[in-house]
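The values are calculated or read from the model by the stated rules, or taken from the named source; none is laboratory data. What you see is a predicted model, and the numbers here were worked out from it, not measured in a lab. Note that each Cβ is placed from the backbone with ideal geometry, even for glycine, and that neighbours are counted across all protein chains shown.
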């Protein structure tokens, strides 16, 4: 089998551990919003615990025709109220929830394929 080097132009998640996340060569110690095709690709995201999330933490206006949104809910899978995500569905934007590690892996696969994907990645303190 012939393997090809990664040629993705999207920023990729290179590592994840307790309290940190590495996107390319930069390490983050708080939650982030990451977009595969936006400049700058990474923005700080203020929530630090699932319990403090509010519907305003998921902004629709900043999504630049995104196809799919991923929500990494922290160390374990937890769902936000469906009323918070109805606006995405009504605009034809998919919204998937998974734990943060799974969201990181899924983001990397989709971004490597050239998909317009964004992720809210919750790093719990």
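At a glance:
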quantity	calculated
Checklist (1) surrounded by fewer than 17 Cβ atoms within 10 Å (Cβ to Cβ); (2) modelled with pLDDT under 95; (3) closer than 16 Å to residue 122 by Cα applied to residue 86, failing item	(3)
All positions within region 42-61 that are surrounded by fewer than 15 Cβ atoms within 10 Å (Cβ to Cβ) and in contact with a strand residue (DSSP E or B) (Cβ under 8 Å, 6 or more places away or on another chain)	43, 44
Given (1) surrounded by fewer than 19 Cβ atoms within 10 Å (Cβ to Cβ); (2) closer than 25 Å to residue 14 by Cα, index of the condition residue 70 fails	(1)
Elements of type strands (runs of 3 or more DSSP E) contained in region 24-81, each with 1 or more residues being within 23 Å of residue 115 (Cα to Cα) and free of Cβ contacts under 8 Å to residues at least 40 places away in the same chain	26-28, 42-44
Residue ID - farthest from residue 66 (Cα to Cα), chosen from residues in region 89-109 that are outside any strand (DSSP E or B) and more than 11 Å from the chain's Cα centre (by Cα)	109
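Here's the yes/no breakdown for (1) over 21 Å from residue 110 (Cβ atoms); (2) within 14 Å of the chain's Cα centre (by Cα):
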residue: 12; (1), (2): no, yes
residue: 30; (1), (2): yes, yes
residue: 34; (1), (2): no, yes
residue: 41; (1), (2): no, yes
residue: 52; (1), (2): yes, no
residue: 58; (1), (2): no, yes
